[in-house]
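Undergrad: Can you keep this structure in mind? I'll have questions shortly.
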Number of protein chains: 2
Amino acid sequence: MSANPIPRISETEWEVMRAVWAGHPATASEIIERLAAADPSWHPKTAKTLLARLVRKAALDYEAQGRRYVYEPLVTERECVAAASASFLERVFGGALKPMLAHFVESRRLSRAELAELRQLLERETPESNRRKS
Amino acid sequence: MSANPIPRISETEWEVMRAVWAGHPATASEIIERLAAADPSWHPKTAKTLLARLVRKAALDYEAQGRRYVYEPLVTERECVAAASASFLERVFGGALKPMLAHFVESRRLSRAELAELRQLLERETPESNRRKS
DNA sequence: CTTATACGCTTACAATTGTAAGCCATGAGT
DNA sequence: ACTCATGGCTTACAATTGTAAGCGTATAAG
């Protein structure tokens, strides 16, 4: 599955993919329910069209069970997150990680617990950084 | 300028905007040079079309000096970065800041200096966090 | 003066994207 | 059996997007 090239996924298609990743295999109606739960303006026809397009893009696959399709991702959320993140970083911050992180940290008031966890994360990174030097 | 709604800026348009923000006012040929310096596959015609579209979108404005147009952004980089960042966070991480930050920190080996600066940034955030509690 | 270059506008085209109806077949309920 | 609901495919349309040529005009260079 990791050998698949990551297809380009549009913003609305992301919503559909996230609904599938939230639990799969999943039928169209299950996916539509999840989408509608998050945003009631979703129309089932639209969702089905996007599902079909994502299949054509090789982001999803399905197995027909009777006349019901059961969808399954062909690309992991992790892979797509990585691709989208890299693209976003390059496009909006010219690839500069530090200003991007600073932007997010400053733009939102993080709770003390969140800050503590991030600090922990940064601490965890330091030994690796050292290891690379040796 | 902050009263302007932030137009939707496509990925390629972002490149053009970044070239303008890099120094403005700027003529089309200056912008084209900057774009080509970053990526030689840019075609001047394409750049000019995108400039015209960004003008129509109210992201840019221009002043004609002779037959040369001198472009100026109508929206700040900061505003557009904020809008794109919020949209990205919502789309790819469902609005969850912590996993997003974790993703970026883990996906790239930050230097010790970078880590230290981020830690500093987090320290800087703590007093505000406390202030909110009182 | 002639030719080449530069300038922006108009035009064009294909692909992508978001939206959703129409159609036919199947399944469920009465 | 009939009717209605459900399922996915096909079709449709408009807007957006990336790409760039064509055109007329002005300016610069030889």
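Undergrad: Can you name every residue in the range A:1-12 that is in contact with a helix residue (DSSP H, G or I) (Cβ under 8 Å, 6 or more places away or on another chain) and either open to solvent by 70 Å² or more (accessible area, probe 1.4 Å) or under 13 Å from A:Tyr71 (Cβ atoms) (or both)?
TA: A:Ser2, A:Glu11
Undergrad: Just to verify a result, which residue in the range B:39-60, among those that are loosely packed, with under 14 Cβ neighbours inside 10 Å and not in a loop (DSSP other than H, G, I, E, B), is farthest from DNA strand D (Cβ to nearest atom)?
TA: B:Arg56
Undergrad: List pairs: first residue in the range B:39-51 and away from chain A (no Cβ under 14 Å), second residue among the small types (Gly, Ala, Ser) and more than 6 Å from DNA strand D (Cβ to nearest atom) anywhere in the structure, Cβ distance under 7 angstrom, at least six positions apart or on different chains.
TA: Listed by first residue and then by second, the contacts come to B:Trp42/B:Ala36; B:Lys48/B:Ala28; B:Leu51/B:Ala28.
Undergrad: Select from the range B:3-15 the residues that are within 14 Å of chain A (Cβ to nearest Cβ) and either in contact (Cβ under 8 Å) with a residue 40 or more places away in the chain or within 16 Å of DNA strand C (Cβ to nearest atom) (or both) and list them in ascending order. Spell out how you get there, then give the answer.
TA: Residues of the range B:3-15 within 14 Å of chain A (Cβ to nearest Cβ): B:6, B:8-15.
Listed by number, the residues that qualify are B:Ile6, B:Arg8, B:Ile9, B:Ser10, B:Glu11, B:Thr12, B:Glu13, B:Trp14.
Undergrad: May I pose another question? Can you go through A:Arg34, A:Arg18 and tell me which one is more than 13 Å from A:Pro73 (Cα to Cα), of a type in the set (Lys, Arg) and either more than 10 Å from DNA strand C (Cβ to nearest atom) or within 14 Å of chain B (Cβ to nearest Cβ) (or both)? Steps first, answer last, please.
TA: Working: A:Arg18 fails: more than 13 Å from A:Pro73 (Cα to Cα).
Residue meeting the stated conditions: A:Arg34.
Undergrad: In addition: Out of the range B:16-38, which residues are touching an Asp or Glu at 6+ places or on another chain (Cβ under 8 Å) and within 12 Å of DNA strand D (Cβ to nearest atom)?
TA: B:Met17, B:Leu35
Undergrad: So if I check each of A:Glu77, A:Glu63, A:Glu90, A:Glu72, which one is open to solvent by 40 Å² or more (accessible area, probe 1.4 Å) and within 11 Å of DNA strand D (Cβ to nearest atom)?
TA: Working: A:Glu77 fails: within 11 Å of DNA strand D (Cβ to nearest atom); A:Glu90 fails: within 11 Å of DNA strand D (Cβ to nearest atom); A:Glu72 fails: within 11 Å of DNA strand D (Cβ to nearest atom).
Just a single option satisfies the conditions, and that option is A:Glu63.
Undergrad: Before we move on, is A:Ser85 among the small types (Gly, Ala, Ser), under 21 Å from the mean Cα position of the chain (by Cα), away from DNA strand D (no atom under 16 Å from the Cβ) and open to solvent by less than 70 Å² (accessible area, probe 1.4 Å)?
TA: Yes: the conditions hold for A:Ser85.
Undergrad: I would also like to ask the following. How many residues, within the range A:66-77, are within 14 Å of DNA strand C (Cβ to nearest atom) and either within 14 Å of chain B (Cβ to nearest Cβ) or over 17 Å from A:Ala52 (Cβ atoms) (or both)? Explain how you work it out, then say what you get.
TA: Looking only at the range A:66-77, we keep the residues that are within 14 Å of DNA strand C (Cβ to nearest atom), and these are A:66-69.
With either within 14 Å of chain B (Cβ to nearest Cβ) or over 17 Å from A:Ala52 (Cβ atoms) (or both) added as a condition, the list becomes A:66.
Looking only at that region, the number is 1.
Undergrad: Would you be able to tell me the number of residues in the range A:93-125 that are outside any helix (DSSP H, G or I), more than 23 Å from A:Trp14 (Cβ to Cβ) and open to solvent by 40 Å² or more (accessible area, probe 1.4 Å)?
TA: Residues in the range A:93-125 being outside any helix (DSSP H, G or I), more than 23 Å from A:Trp14 (Cβ to Cβ) and open to solvent by 40 Å² or more (accessible area, probe 1.4 Å): 2 in total.
The values are calculated or read from the model by the stated rules, or taken from the named source; none is laboratory data. Everything quoted here is computed from the prediction, not taken from an experiment. Reconstructed Cβ throughout: ideal geometry from the backbone, glycine too, with neighbour counts over all protein chains shown. We work out accessible area using only protein heavy atoms, side chains counted, and drop any ligands, DNA or RNA first. Shrake-Rupley method; radii C 1.70, N 1.55, O 1.52, S 1.80 Å.
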